[in-house]
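These notes concern the structure reproduced below.
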Amino acid sequence: MFIIASAFCFALMNLFIRLTGDVPTLQKCFFRNFFALLIAVSSLLRTKTKFQIGKGNLKYLVARSLAGGIGMVGNFYAVDHMAISDASMLNKLSPFCAIIFSYFLLNEKANLFEWSSVVIAFIGALFVAKPTFGMEMLPAAAGLMGGVGAGLAYTNVRALGKRGENSMIIVAFFSAFTTLMLLPPLIINYQHMTPQQWLFLLLTGTAAAGGQIFITKAYSKAPAKEISVYDFSIVIFAAVFGFLFLGQLPDGWSILGYIIIIGTAVVKWRYSMKQHS
């Protein structure tokens, strides 16, 4: 349930990003993390949790925050310039990227079936991205970057979970790190916002905090191979929100890509469960 709740929250976040309008991407990212930081810190204070990082965990927290920050910027840019269901689908390449990163960083071995699923998923991504050689490819490339960054981020979350790090500490550190990282470009290129845009950014941060908390709990408590398939429910939520609030409908090529990627994820999940049992 944690993973489905996070998917719902992140789909809402993507909707609110788009509804914020023509605010610069980095400015949206800053306030998304700033509001999420306030929520994370208030949660730590409410539960009287000390902000104490476990021994040897700082490098994983920094890696998680850098990768997650880069992935977030890519996803926000894609959401601003593509159908939100397409952007969400590209971002959900993260579980397949996590297989690659887990092999190198966590020594979690992958077999031929799992490597094949990675290749097939990226083939599906080509149908969603519809690659060209012009600037119109930039949003899709940003979406792919978002998926890769998220995959690396959640690999580090898994490492932190194995090392017993508190999930709220992980969320608070990420929010604080990325808020500071995005402060210089905000100061240089700040754009005035209307009250409505402030409201949507506040809602973006609130939804993001919920998504962060739920997904961090999920990946801290269970291996990615067991739960990641449920994260694809974000595409369903995003497609519904995109249709109801933005009048967006994915084209035939995108739908084919969805079927390939989600179908691959389901087959991989069933295979993993069979092997586990």
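Selection of first residues in the range 87-99 that are under 15 Å from Met72 (Cα atoms) and of second residues that are polar (S, T, N, Q), restricted to Cβ pairs under 7 Å at least 6 apart or on distinct chains, gives the following pairs, ordered by first then second residue: Ala87/Asn14; Ala87/Asn75; Ser88/Asn14; Asn91/Asn75. For the range 176-216, a residue qualifies if it is surrounded by fewer than 18 Cβ atoms within 10 Å (Cβ to Cβ) and under 25 Å from Asn166 (Cβ atoms), and exactly one does: Leu180.
Restricting Leu58, Leu105 to residues that are closer than 22 Å to Phe174 by Cα, in contact with a Ser or Thr (Cβ under 6 Å, 6 or more places away or on another chain), free of Cβ contacts under 8 Å to residues at least 60 places away in the same chain and not acidic (Asp, Glu) narrows the list to Leu105. Only one entry in Phe35, Phe10, Phe51 is among the aromatic types (Phe, Trp, Tyr), touching a residue at least 12 places away in the same chain (Cβ under 8 Å) and under 17 Å from Ala238 (Cβ atoms), namely Phe10. Restricting Gln248, Gln197 to residues that are in a helix (DSSP H, G or I), farther than 30 Å from Phe113 by Cα and either touching a residue at least 40 places away in the same chain (Cβ under 8 Å) or touching a Phe, Trp or Tyr at 6+ places or on another chain (Cβ under 7 Å) (or both) narrows the list to Gln197.
Number of residues in the range 101-119 that are under 16 Å from Met273 (Cα atoms), of a type in the set (A, V, I, L, M, F, W, C) and not in a helix (DSSP H, G or I) equals 1.
Only residues that are exposed (fewer than 13 other Cβ atoms within 10 Å of the Cβ) and in a loop (DSSP other than H, G, I, E, B): list them for the range 50-79, please.
Let us first name the residues in the range 50-79 that are exposed (fewer than 13 other Cβ atoms within 10 Å of the Cβ), namely 50, 52, 55-56, 58-59.
Listed by number, the residues that qualify are Lys50, Gln52, Lys55, Gly56.
When the residues of the range 117-152 are filtered to those that are closer than 18 Å to Ile99 by Cβ and of a type in the set (Val, Ile, Thr), the one that is surrounded by the fewest Cβ atoms within 10 Å (Cβ to Cβ) is Val119.
Pull up the range 27-49, narrow it to residues that are small (Gly, Ala, Ser) and surrounded by fewer than 22 Cβ atoms within 10 Å (Cβ to Cβ), then point me to the one that is farthest from Ser167 (Cα to Cα).
Residues of the range 27-49 that are small (Gly, Ala, Ser), as a first pass: 36, 40, 42-43.
After this cut, where a residue has to be surrounded by fewer than 22 Cβ atoms within 10 Å (Cβ to Cβ) as well, the list is 42-43.
Values: Ser42: 14, Ser43: 11 Å.
It comes out as Ser42.
Read-outs: derived from the displayed coordinates by stated rules, not from any lab. Bear in mind the structure is a predicted one, so any value in this text is a computation, not a measurement. No Cβ is skipped: glycine too gets one built from the backbone with ideal geometry, and neighbour counts run over all protein chains shown.
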